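Read through the structure below, which is laid out as structure tokens, and then see the notes.
The values are calculated or read from the model by the stated rules, or taken from the named source; none is laboratory data. Keep in mind that this is a model prediction, so the values were computed, not measured. Note: ideal-geometry Cβ built from the backbone for every residue, glycine included; neighbour counts use all protein chains shown.
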């Protein structure tokens, strides 16, 4: 097992341990459409889902539309000096 752990870069005794997940505060400003069929590709109206290129979260077309509509306001809130 020690050889396999070295190959897989697992420290001994930590086979089941996982790194704690950090809370992601993503603004979801880089949304990419996903389509079910190749014939729909290129038409954003026919996208079946939207995926954030930064954090990987998946959104329905309705939720993606809401995020895209409020994108400027969310960015202003984060970068607005106090």
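Might you check whether a residue that is surrounded by fewer than 14 Cβ atoms within 10 Å (Cβ to Cβ), part of a loop (DSSP other than H, G, I, E, B) and at pLDDT 90 or above occurs anywhere in region 22-32?
The answer is yes, given that some residue of region 22-32 is surrounded by fewer than 14 Cβ atoms within 10 Å (Cβ to Cβ), part of a loop (DSSP other than H, G, I, E, B) and at pLDDT 90 or above.
Among the residues of region 48-62, which ones are in contact with a strand residue (DSSP E or B) (Cβ under 8 Å, 6 or more places away or on another chain) and more than 15 Å from residue 30 (Cβ to Cβ)?
Residues of region 48-62 in contact with a strand residue (DSSP E or B) (Cβ under 8 Å, 6 or more places away or on another chain): 48-53, 57-61.
Within region 48-62, 48, 60, 61 qualify.
Could you say which residue among 71, 12 is at pLDDT below 95 and surrounded by 13 or more Cβ atoms within 10 Å (Cβ to Cβ)? Please lay out each step first, then the result.
Numbers: 12 fails: surrounded by 13 or more Cβ atoms within 10 Å (Cβ to Cβ).
None of the other options fit; the residue is 71.
Could you check how many residues of region 58-68 are closer than 12 Å to residue 34 by Cβ and either surrounded by fewer than 15 Cβ atoms within 10 Å (Cβ to Cβ) or free of Cβ contacts under 8 Å to residues at least 24 places away in the same chain (or both)?
Taking region 58-68 as the starting set, the residues that turn out to be closer than 12 Å to residue 34 by Cβ are 58-61, 64.
Now narrow it down to the ones that are either surrounded by fewer than 15 Cβ atoms within 10 Å (Cβ to Cβ) or free of Cβ contacts under 8 Å to residues at least 24 places away in the same chain (or both): 58, 60-61.
Number satisfying all stated conditions: 3.
Given the criteria touching a helix residue (DSSP H, G or I) at 6+ places or on another chain (Cβ under 7 Å) and modelled with pLDDT of 90 or more, does residue 57 qualify?
Spelling it out, it is not the case that residue 57 is touching a helix residue (DSSP H, G or I) at 6+ places or on another chain (Cβ under 7 Å) and modelled with pLDDT of 90 or more.
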